[in-house]
Amino acid sequence: MPDSFQSPVNASTRYCAVYGQPIKHSASPAMQNAGIAALKLNWRYLAFEVDPANLREAIAGAKAMNFIGLNLTVPHKLLAVEMMDALDESARVWGAVNTVRFEGKDAAGKWQPLGLFADSLPGEVRSQGFNTDADAITRSLREDLRFEPKGATALVLGAGGAGKVAALKLASENVAELFLVNRTTGKAQAVATEIQHRYPTVKVAIGYPAKPVDLLLNATSLGLKPDDALPWDESTFPLNRAGTIYDMIYRPAETLLLKAAKAAGRRTANGLGMLLYQGAKALELWTGQNPPIQLMREALERNIYG
Ligand code: ATR
């Protein structure tokens, strides 16, 4: 087990964390601590339930305590954009922050990841927001579902942080047509308007398609809790109309959506691949090193499948 290589917690231990609400389902600590141990760092990765009303304070607290970085999950990814001291291009392009890197000024006045300051910490620290979700989504769709966005049609459920990034990323990769469904229709409409503006060759509509699509992607949080409603309307959109079905949720490993999709004979994948690739990129941003992806995948699989 990679955990056996971990150095004991002492006064030099540095910290990363994920903030979310809910958070108890998160497999990020298992994955990131395996990666941190493999890189032989005296770091730990923690998880905190943070109410959105306290997000600004929680980020400021981590910065004040010289945390290495943070991951943000539901419902913080959009809120955090306004709370960063600086935004990387990825966060600007996709309009959501899932990775925060704390940075200090080096002797030459250049901002460097706080993880690179081993002995003496810098006087001035800033937060920089990144988005590592967008690339992770299409990488996982390709690897796990053999789904190629170019020229394809897709139905995206959800227009929060995850849904917005998924829809924009698919549009940027030249899907032919996108259908957006969200409880709060205005949010789906805002995403559609942004896509029409930025990717005018992509056809985008609000609501369920009457015809088959190549991909149905769940980016809502419905399915995380056992008593959640289904994330889509079965009577309006029977699952045999979707070629492949992806659920960004990875715990439970098989949501009711994925169960029904398998029963309908569809090719399916859960969000393990997306979690892996966004997390590996975050670890790379914090450490400046190549992340041990295979080890991180194995830690995730143990954590999620037992
Ligand atoms: P994330 O950053 O993970 O996307 P989010 O921005 O809070 O988190 O988005 C959660 C998504 O799940 C949204 O699409 C949300 O719908 P609303 O935009 O209408 O809030 C959806 N969602 C959450 N709870 C829901 C519920 N009970 N019924 C329907 N949709 C729900």
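The values are calculated or read from the model by the stated rules, or taken from the named source; none is laboratory data. Everything numeric in this text was worked out from a predicted model, so none of it was measured. Neighbour counts are summed over all protein chains in view; Cβ atoms, including those assigned to glycine, are modelled from backbone coordinates with ideal geometry.
Of all residue pairs spaced 6 or more apart or on separate chains, those with beta-carbon atoms under 6 Å, a first member in the stretch 150-168 that is on the phi < 0 side of the Ramachandran plot and in the same structural domain as Arg241 (by TED's automatic domain parsing) and a second member that is aromatic (Phe, Trp, Tyr) and within 11 Å of the ligand (Cβ to nearest atom) are Leu157/Trp232.
Please verify whether Leu72 is within 14 Å of the ligand (Cβ to nearest atom), crowded, with 16+ Cβ neighbours inside 10 Å and more than 22 Å from Leu283 (Cβ to Cβ), treating the condition exactly as stated. In short, no.
Taking into account only those residues within the stretch 27-55 that are without any contact (Cβ under 8 Å) to a residue 60 or more places away in the chain and among the small types (Gly, Ala, Ser), which is farthest from Gly161 (Cα to Cα)? Filtering the stretch 27-55 for residues that are without any contact (Cβ under 8 Å) to a residue 60 or more places away in the chain and among the small types (Gly, Ala, Ser), the one farthest from Gly161 (Cα to Cα) comes out as Ala37. Every test in (1) modelled with pLDDT of 95 or more; (2) aliphatic (A, V, I, L, M); (3) within 20 Å of the chain's Cα centre (by Cα) is passed by Val74 save one, and that test is (1). If the condition is being more than 22 Å from Ala192 (Cα to Cα), under 19 Å from the mean Cα position of the chain (by Cα) and more than 16 Å from the ligand (Cβ to nearest atom), then the stretch 114-146 contributes Ser127, Gln128, Arg139, Arg142, Glu143, Asp144, Leu145. Across the stretch 97-152, the qualifying residues are those that are within 30 Å of Pro200 (Cβ to Cβ) and of a type in the set (Val, Ile, Thr), and the one among them that is surrounded by the most Cβ atoms within 10 Å (Cβ to Cβ) is Val97. Looking at Met84, Met65, just one residue is surrounded by fewer than 22 Cβ atoms within 10 Å (Cβ to Cβ), out of contact with any helix residue (DSSP H, G or I) (no Cβ under 9 Å at 6 or more places or on another chain) and either free of Cβ contacts under 8 Å to residues at least 40 places away in the same chain or not β-branched (Val, Ile, Thr) (or both), and that residue is Met65.
Only a single criterion out of (1) assigned to a loop (DSSP other than H, G, I, E, B); (2) within 20 Å of Gln21 (Cα to Cα); (3) not hydrophobic (A, V, I, L, M, F, W, C) is not satisfied by Gly151, namely (2).
Of the residues Lys211, Lys187, only one is closer than 19 Å to Ala134 by Cα and either over 18 Å from the mean Cα position of the chain (by Cα) or not in a strand (DSSP E or B) (or both); which?
The unique qualifying residue is Lys187.
Taking (1) more than 9 Å from the ligand (Cβ to nearest atom); (2) over 19 Å from Asn98 (Cβ atoms) in turn, Thr184 satisfies each apart from (1). Annotation note: Cβ proximity below 7 Å between a residue of the stretch 260-281 that is more than 12 Å from Asp144 (Cα to Cα) and in contact (Cβ under 8 Å) with a residue 12 or more places away in the chain and a residue that is in a loop (DSSP other than H, G, I, E, B) and of a type outside the set (Ser, Thr, Tyr) (sequence gap 6+ or interchain) occurs for Leu275/Ala27; Gln278/Asn98; Ala280/Pro291.
So is Leu295 more than 13 Å from the ligand (Cβ to nearest atom) and surrounded by 18 or more Cβ atoms within 10 Å (Cβ to Cβ) or not? For Leu295, the condition - more than 13 Å from the ligand (Cβ to nearest atom) and surrounded by 18 or more Cβ atoms within 10 Å (Cβ to Cβ) - is not met.
Of the numbered criteria (1) under 22 Å from Gln278 (Cβ atoms); (2) touching a strand residue (DSSP E or B) at 6+ places or on another chain (Cβ under 9 Å); (3) not in a loop (DSSP other than H, G, I, E, B), the one Ile23 fails is (3). The criterion of being within 30 Å of Leu222 (Cβ to Cβ), within 15 Å of the ligand (Cβ to nearest atom) and surrounded by fewer than 21 Cβ atoms within 10 Å (Cβ to Cβ) holds for Glu49.
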